[in-house]
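Visitor: Starting off with a structure, shown below.
Read the figures in this text as sums done on the coordinates, not as results from a lab. Please read all numbers here as calculations on a predicted model, not as lab measurements. Reconstructed Cβ throughout: ideal geometry from the backbone, glycine too, with neighbour counts over all protein chains shown.
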Amino acid sequence: MKKIASFAFILFIQCCVCPFILKSQDIQRINLIPQPQLVIENKGSFLWTGKTPVYADPVFQKVAQLFTEQAALSAPRPASSNMNTGIPAIVFRKQKFPDTASAESYKITIKQKQVDILAATELGALRAMFTILQLRLLQTEQSLIPCGEITDAPRFTYRGLHLDVSRNFFPIPFLEKLLDMMALYKLNTFHWHLTDGPGWRLEIKKYPQLTKKAAWRTHNSWKEWWNNGRLYSAEGAPDAYGGYYTQQQAKALVSYAARRGITIIPEIEMPGHAEEVLAVLPGLACSGKPYTQGEFCIGNDSTFVFMEDVLNEVMQVFPSSYIHIGGDEVDKKAWKECPKCQSRITMEHLKDEHELQSYAIHRMDTFLTAHGRKLLGWDEILEGGLTPGATVMSWRGEAGGIAAAKMGQDVIMTPGAYCYFDAYQANPASQPEAIGGFLPVAKVYGYDPVPNSLTSTEASHIKGVQANVWTEYIPTAEHLEYMIFPRMLALSEVSWTSLQQKDWNNFQGRLQHHYLLMQRRFINYYRPMPVLDISSVSDTIGKISRVTISSEQFKPEIHFTTNGSDPVKGSPIYMAPIEVKGIATIKAAILNPVTGKMGPVSARQTAYHKAVGASVKYNLPFSNSYVALREYTLVNGQTGSFTYGDGQWQGFEGNDMDITIELQQLSDVNKIAVNFMQITGPGVYMPAYVEYSWSKDGKNFSSPVRIANIVPETESKLVIKPFEVMVNDKVKFIRIKAPNDKHAFLFADEVLVN
Ligand code: ACM
């Protein structure tokens, strides 16, 4: 936070006279999110009452009108009218900014007698307007706004939030509330995921069956529907769950958003994720039958007639320059066996089904371009050749975005690890069921959408960043708010604030004030949990584990132990990473400064056991997507946490786990244990059993001992379970087999040998 020199000087003088004045005045009073380019705090406050007059230059009348509505003030008066009433006023003025300035630039000066909002464009005035509204909502005493100057402009032009309304339907008043919050935090794009297997959500006049039937399913709960035949119902049927937006409602929402400087981009999924369409228009499936596949038949011209009909109506509702056509997760199996698709491949001289997908995307792109629109799609649209002019939404990591940027095509970064707000934000034991993953607010905050590997020209194609909210496990608006807030505030700063201005500690301090704002807006936000995150890395040279303890609480006093006992007030205070030898259980808790009691205890085992540093031979490979620390993972002395994405859990995808470990020397071994994880949402299951055998020479192995799995496959919530075998033998080699009978994912973190 920059402060002007003279202010600092004044403080210095006061400090000499009375240090308490410095202390109270030195508290940061302007706590905006996203952090503006430059903030200067001054003494004094502007008195804002219900009678505060608002004046505006003619070009900013509309913005000022919205402002007075939002702030419950009288309608704005022209700035040319007599402003010398003596009552402190808020004034919107047009000012020329340098030609190089972003259209969203603005400057605000808050003095005791007047607030001046200066911008060159209506968009700039809008962003400023939401800054001043936010600043008011942050004050405990809303009538006093701290004096100062704010100069601001965004880092990225695209700052998005996506919402899946197919898995669960969310009503218009809630979407309006969400748009209001987005505007307050300067997000400017709402990506409306309107169609997908679990339900079609937009009225299409030419195809009424889409909303009469395909918008309704047989179970409220997505999970129950998914596990019970995935059938569609009909509007008005007693079992029907679903809903849709009429074109009139969607148009009204587009205007509502536009007034707040937000563009709504509709997504109409093709060629995959279309089960609901094929249920009512089975002629567009390769089989010609409903409930057989999720992909449109690309050999069938009727597919393109349908898509163009739909997009013609969509374009009448949505004026956005981008139209999102999906393109993700297409299972091309049906195309391989479809004579029409194969004939299309031949006629169009395509190489394979990947190029067939690319052909479909090309056709949609040509159509959209002819109508003056631009195609946006998930990163699979790169497969089989990217359509020139298409913009890529990079969700399977950043690789797709990097490839597109290197080709000179525009990119929106939405990598799953940083931008998927359907992931857990804390230990699943304390959270409502989510799809999996782990994305705490600090991790969102730490994301930089511009990869280091890009040149500055390539980086200029990264237009921005977006968070995606898939709603399989999010049935209500309250739950949705819980998943979005406060992570959206971190995204806001990632998307708006320059890299140099970003600072997690400062953000966390400002965030404390925004909990008040979210309460004022009746947002059901996630509260920081008192549980601690304990992580460790092995130092193989010093043969120690280096343990880090972190917390989402603001400046907590953390006490810890390394001997397995629960921490008490007298236990050491955590200040910096601690070094631990051998096998140890680290326990930590936060001291509640009010009650003097310790909060919930978090624990983590670190272990320099007999297999640390051993060599591991993979008789069957680990998953390329979840390599963790490769050959080092299972013998690095670190167990995993509650998320398979923490770099300690190694995945086995499709095939069994089958490894042979060679210890550094022949050792007395009492027992061996391996932890496995189950969380069925993302397809992570326990093995059928774990089979151990051991040997002194690597040739003659003991007869195998099987430890059976006892966790039922219907247990969808997170379970971590050790499979332990007693050995009591001299051992150098250990063979471990764990059948992946679900052909999904196995995850193991460590082979503990004692
Ligand atoms: C996606 O998450 N399937 C884009």
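Visitor: How much length would be gained if the chain were fully extended between Ala744 and Gln112, taking 0.36 nm per residue of separation minus their Cα-Cα distance, in nm to one decimal?
Guide: Full extension of this stretch gives 221.1 nm more.
Visitor: Counting other C-beta atoms within 10 Å, and keeping those with at most 16, which DSSP coil trypsin sites (Lys or Arg not before Pro) do you find in segment 120-208?
Guide: Answer in residue order: Lys205, Lys206.
Visitor: Mark the label point 7 Å from the Cα of Ser255 along Cα→Cβ and return the residues of segment 59-80 whose backbone N is within less than 18 Å of it.
Guide: Residues 62-67, 69-70 qualify, since their backbone N sits under 18 Å from the label point.
Visitor: If R₀ is 35 angstrom, what is the calculated FRET efficiency for the pair Ala459 and Leu38, using the beta carbon separation as r and rounding to 0.05?
Guide: 0.90
Visitor: Something else: State the antiparallel share, in %, of DSSP beta bridges confined to the chain, rounding to the nearest 5.
Guide: 65
Visitor: I need the phi-derived Karplus couplings for segment 285-302: 6.51 cos²θ - 1.76 cosθ + 1.60, θ = phi - 60°, integer Hz, Gly and Pro marked x.
Guide: Each residue of segment 285-302 in turn: 8, 4, 6, x, 10, x, 6, 10, 7, x, 10, 5, 6, 8, x, 9, 4, 4 Hz.
Visitor: Which value does Rg/Rh take for segment 160-225 over its C-alpha atoms, Rh per Kirkwood?
Guide: 1.04
Visitor: Return the whole-Å distance between the Cα centroid of segment 243-282 and the Cα centroid of segment 624-646.
Guide: What the calculation gives is 40 Å, centre to centre.
Visitor: Show me 360-366, 500-506 ranked by packing, highest mean number of other Cβ atoms within 10 Å first.
Guide: Top of the packing list down: 360-366, 500-506.
Visitor: Tabulate in residue order the Karplus-calculated ³J(HN,Hα) for segment 355-367, using 6.51 cos²θ - 1.76 cosθ + 1.60 with θ = phi - 60°, rounded to whole Hz; enter x for Gly and Pro.
Guide: 3J(HN,Hα) across segment 355-367, in whole Hz: 6, 5, 4, 4, 4, 5, 5, 4, 5, 5, 5, 4, 4.
Visitor: Could you work out how far apart the two model spin labels at Arg520 and Lys696 are, taking each label as a point 7 Å from the Cα in the direction of the beta carbon, and quote it in nm?
Guide: With each label point 7 Å from Cα toward Cβ, the separation is 7.7 nm.
Visitor: For Gly397, list long-range residues whose amide hydrogen, built 1.01 Å from N in the peptide plane, is under 5 Å from its own amide hydrogen.
Guide: Distant-sequence amide H within range of Gly397: Gly416, Ala417.
Visitor: Step through the residues of segment 78-93 one at a time and calculate ³J(HN,Hα) from phi using the Karplus curve (6.51 cos²θ - 1.76 cosθ + 1.60, θ = phi - 60°), rounding each to whole Hz and writing x for Gly and Pro.
Guide: x, 5, 6, 6, 5, 9, 8, 8, x, 8, x, 10, 10, 10, 9, 10
Visitor: Out of all DSSP beta bridges with both ends in segment 118-233, state the antiparallel percent to the nearest 5.
Guide: 40
Visitor: Can you list the residues, at least 5 places off or on another chain, whose amide H is less than 5 Å from the amide H of Gln425, using H built in the peptide plane?
Guide: Long-range HN contacts for Gln425: Leu439.
Visitor: Given points 7 Å out from each Cα along the Cα-Cβ axis, report the Asp539 to Arg527 separation in nanometres with one decimal.
Guide: 3.9
Visitor: Follow-up question, since we're still on this one. Could you name the lysines whose alpha carbon sits less than 23 Å from that of Lys406, not counting residues in the same chain fewer than 8 places away?
Guide: Lys374, Lys463
Visitor: Which whole-number percent gives the relative contact order of the chain, counting Cα pairs below 8 Å spaced six or more residues apart?
Guide: Relative CO of the chain lands at 8 percent.
Visitor: Total Lys pairs in segment 537-680 closer than 19 Å by alpha-carbon, pairs eight or more apart in sequence or interchain only?
Guide: Value for segment 537-680: 10.
Visitor: Multiply the residue gap between Ser74 and Lys205 by 0.36 nm, knock off their C-alpha separation, and tell me the result in nm, one decimal place.
Guide: Using 0.36 nm per residue and subtracting the Cα-Cα distance, I get 43.0 nm.
Visitor: For Asp328 and Val711 in one chain, what is 0.36 nm times their gap in residues minus the Cα-Cα distance, to one decimal in nm?
Guide: That pair, Asp328 and Val711, stretches by 134.6 nm at full extension.
Visitor: What is the local net charge at Trp649, summed over the other residues whose Cβ is closer than 12 Å to its Cβ (Lys, Arg +1; Asp, Glu -1)?
Guide: Result for the neighbourhood of Trp649: -3.
Visitor: Just add up the charged neighbours of Pro173: K/R +1, D/E -1, any other residue whose Cβ is under 14 Å from the Cβ of Pro173.
Guide: That sum, taken over residues with Cβ under 14 Å, equals -2.
Visitor: Among the aspartates and glutamates, which fall within straight-line cross-link reach of Lys721, defined as a Cα-Cα distance under 16 Å, with same-chain neighbours fewer than 8 residues apart omitted?
Guide: Filter leaves Glu691, Glu713, Asp749, Glu750.
Visitor: Okay, next question. Please report the Cα spread of the chain along all three principal axes, rounded to whole Å, starting with the longest.
Guide: 99, 79, 54
Visitor: Quick one: check the C-alpha center-to-center distance for segment 718-754 versus segment 61-109, whole angstrom.
Guide: Distance between centres, Cα-based: 67 Å.
Visitor: Within a Cβ distance under 14 Å of Ala125, other residues only, what is the Lys/Arg minus Asp/Glu net charge?
Guide: Here the charged neighbours net out to +4.
Visitor: Shifting gears a bit: Ile544's amide H: which non-local residues (gap 5+, or another chain) put their own amide H closer than 5 Å, with H modeled 1.01 Å from N in plane and none for Pro or chain starts?
Guide: Asp539
Visitor: So how do 547-557, 641-651, 381-391 stack up, highest first, on mean other-Cβ count within 10 Å?
Guide: 641-651, 381-391, 547-557
Visitor: At a Förster radius of 41 Å, what calculated FRET efficiency corresponds to the Cβ-Cβ distance of Gln664 and Glu337, to the nearest 0.05?
Guide: Plugging the Cβ-Cβ distance into 1/(1 + (r/R0)^6) gives 0.20.
Visitor: Treating cross-link reach as a plain straight distance, find the lysines whose alpha-carbon is under 20 Å from the alpha-carbon of Lys336, omitting any fewer than eight places away in the same chain.
Guide: Hits, sequence-local ones excluded: Lys289, Lys351.
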